[in-house]
Amino acid sequence: MEKLAIMGGAPVRQTRISYGHQFIDEKDIEAVVRVLKSDYLTCGPEIEKLERKLCKLTGAKYAVALSNGTAALHGACYAAGIKKGDEVITTPITFVASANCALYCGAVPVFADINEETFNIDPERIAEKVTPKTRAVVAVDYTGQAVELDKIREICHRKGLVLIEDGAHSIGTMYKGIPVGRIADMTTFSFHPVKTVTGGEGGAVLTNDEEYYKRLLLFRTHGITREPGLMNGLSSGDWYYQQIDLGYNYRMTDIQAALISSQLDKLPLFKRRRQEIVKRYDEAFDGMQGIILQKEIKESDTVRHLYILRLDLEALNASRKDIFNALKAENIFCNVHYIPVYYFEYYQKLGYNKGICPKAERLYEQIITLPLYFSMTDEDVESVISGVKKVLGYYRK
Ligand SMILES: Cc1ncc(COP(=O)(O)O)c(C=O)c1O
């Protein structure tokens, strides 16, 4: 508020705008109500319907719906056979789940630095971190932009590693014309409300590998099976099942599945609008002193989940926090994605030191996430641009 007074004038917006918001229409509501009136709230037909839809969307052979994106990552690590003592390489610029999934399996997350232009994990840094203990790479499509899949796949193939693509941000994105979900050994999605497609909560793993698929099905329901081929001995009757491994209750409800299915019908619309907004932001900010644009690789046709404003702090008389707070005073409520995972106390106590990924750490100091969601009006977009111009104009050296 102090900054508002210094800058003078009223805020550029009368009402608050947040960095993300879900879009729910009448069709979504009808889909949920239909399930509520049906016989199955969970373990019902909506789950398979959603899984078929995800396969159709991505071209992957198999999809397994789970309770959230974190469960999907945990399931992917389980299916890949990751165990105590293994190492899993990932980026520090992500939500903690991308690294926690390795810890859940007793493995050690190893952080590889990012490419300073795309903000995604750098394939060369991955190659440097591979040891005889490395079992997998969790490559995060940060902001929705696909990672450099060809290079990462080549490293994984050469070193015998499983490639898990964390596509929590990237549903609908294409890499070289191929949908995310069909390329990596396993790809995970999240359907959290700020994501492009939501189910309130929800997640999925996509794969072309039947063995991974079968292991994921077991993992999702306690390690329990009714498959005669998987059971030890003969079935005692229709009620019979066996627990053959330790799994979890990571099931999605039919209520979530129906909402996600209905949302997926709007994905082409969501994609178009998100791309329009990103284009408008890029045009407005390109060449503006104090801003560095995120580079997009030509291979990625991106459905952008997050718009990152990277500040060139050397050109500004302000810290990131000053800019963040000044935008808040303009009623533009931003966020920051992400604090490097190993900065958190839990990771520090595990022995991770600051300084291991200098480019990621530098990026973290400079970034602010601007509002980006389907239902933003053109007026909303323009007021965010005006707010950024006003604040940076004030602080420019
Ligand atoms: C990159 C990334 N991975 C994984 C997750 C975990 O997804 P969920 O919140 O659905 O568990 C998120 C969610 O915020 C994410 O952003």
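Checking TYR40 against (1) over 17 Å from LEU163 (Cβ atoms); (2) part of a loop (DSSP other than H, G, I, E, B); (3) within 13 Å of the ligand (Cβ to nearest atom), only one condition comes out false. Which one? It fails just one condition, (3). Restricting to segment 59-77, name every residue that is away from the ligand (no atom under 14 Å from the Cβ) and crowded, with 24+ Cβ neighbours inside 10 Å. Matches in segment 59-77: ALA60, ALA63, VAL64. When segment 150-174 is filtered for residues that are within 16 Å of the ligand (Cβ to nearest atom), in contact (Cβ under 8 Å) with a residue 60 or more places away in the chain and not β-branched (Val, Ile, Thr), the ones remaining, listed by number, are ASP166, ALA168, HIS169, SER170, GLY172.
Considering only segment 174-193, how many residues are in contact with a helix residue (DSSP H, G or I) (Cβ under 6 Å, 6 or more places away or on another chain) and within 15 Å of MET252 (Cβ to Cβ)?
To start, the set of residues in segment 174-193 that are in contact with a helix residue (DSSP H, G or I) (Cβ under 6 Å, 6 or more places away or on another chain) comprises 175, 179, 181-183, 186, 188, 190-191.
Keeping just the survivors that are within 15 Å of MET252 (Cβ to Cβ) gives 188, 190-191.
Adding up the residues that qualify gives 3.
When ARG310 is tested against the conditions (1) surrounded by fewer than 18 Cβ atoms within 10 Å (Cβ to Cβ); (2) under 23 Å from HIS169 (Cβ atoms), the lone failure is (1).
Please tell me if ARG220 is in contact with a Lys or Arg (Cβ under 9 Å, 6 or more places away or on another chain) and within 16 Å of the ligand (Cβ to nearest atom).
Numbers: in contact with a Lys or Arg (Cβ under 9 Å, 6 or more places away or on another chain): yes; within 16 Å of the ligand (Cβ to nearest atom): yes.
Yes: the conditions hold for ARG220.
When you look at TYR240, is it away from the ligand (no atom under 15 Å from the Cβ), within 21 Å of LEU50 (Cα to Cα) and either of a type outside the set (D, E, K, R) or assigned by TED's automatic domain parsing to the domain that holds SER98 (or both), yes or no? No. Evaluate the following for PHE270: is it aromatic (Phe, Trp, Tyr) and not in a helix (DSSP H, G or I)? Taking the combined requirement at face value, the residue does not satisfy it. The single condition among (1) surrounded by 14 or more Cβ atoms within 10 Å (Cβ to Cβ); (2) over 19 Å from the mean Cα position of the chain (by Cα) that CYS334 does not meet is (2). Taking the criterion of being surrounded by fewer than 24 Cβ atoms within 10 Å (Cβ to Cβ), out of contact with any strand residue (DSSP E or B) (no Cβ under 7 Å at 6 or more places or on another chain) and hydroxyl-bearing (Ser, Thr, Tyr), the only residue of segment 114-148 that qualifies is THR118. Looking only at residues in segment 149-183 that are among the charged types (D, E, K, R) and assigned to a loop (DSSP other than H, G, I, E, B), which one is surrounded by the fewest Cβ atoms within 10 Å (Cβ to Cβ)? So, considering only residues that are among the charged types (D, E, K, R) and assigned to a loop (DSSP other than H, G, I, E, B), the one surrounded by the fewest Cβ atoms within 10 Å (Cβ to Cβ) is LYS176. Please find, within segment 189-204, the residue that is surrounded by the most Cβ atoms within 10 Å (Cβ to Cβ) out of those that are among the hydroxyl-bearing types (Ser, Thr, Tyr) and more than 7 Å from the ligand (Cβ to nearest atom). So, considering only residues that are among the hydroxyl-bearing types (Ser, Thr, Tyr) and more than 7 Å from the ligand (Cβ to nearest atom), the one surrounded by the most Cβ atoms within 10 Å (Cβ to Cβ) is THR196.
Would you pick out the residues in segment 184-198 that are out of contact with any Phe, Trp or Tyr (no Cβ under 7 Å at 6 or more places or on another chain) and either outside any loop (DSSP other than H, G, I, E, B) or not charged (D, E, K, R) (or both)? Hits for segment 184-198 are ALA184, THR187, THR188, PHE189, SER190, PHE191, HIS192, PRO193, VAL194.
Suppose the filter is away from the ligand (no atom under 14 Å from the Cβ), free of Cβ contacts under 8 Å to residues at least 60 places away in the same chain and surrounded by 15 or more Cβ atoms within 10 Å (Cβ to Cβ); does THR207 pass it? Give the steps one after another, and end with the answer.
Numbers: away from the ligand (no atom under 14 Å from the Cβ): yes; free of Cβ contacts under 8 Å to residues at least 60 places away in the same chain: no; surrounded by 15 or more Cβ atoms within 10 Å (Cβ to Cβ): yes.
Against the criterion (away from the ligand (no atom under 14 Å from the Cβ), free of Cβ contacts under 8 Å to residues at least 60 places away in the same chain and surrounded by 15 or more Cβ atoms within 10 Å (Cβ to Cβ)), THR207 does not qualify.
Pick from LYS83, LYS61: which is farther than 30 Å from TYR352 by Cα, touching a residue at least 12 places away in the same chain (Cβ under 8 Å) and of a type in the set (D, E, K, R)?
Details: LYS83 fails: farther than 30 Å from TYR352 by Cα.
Residue meeting the stated conditions: LYS61.
Taking segment 86-108 as the range and being in contact (Cβ under 8 Å) with a residue 40 or more places away in the chain, in a loop (DSSP other than H, G, I, E, B) and closer than 12 Å to ARG135 by Cα as the test, only ASP86 passes.
The values are calculated or read from the model by the stated rules, or taken from the named source; none is laboratory data. In this text the structure is predicted, and so the values were computed from the model without any measurement. Every residue, glycine as well, gets a Cβ built from its backbone with ideal geometry; the counts of neighbours run over all protein chains shown.
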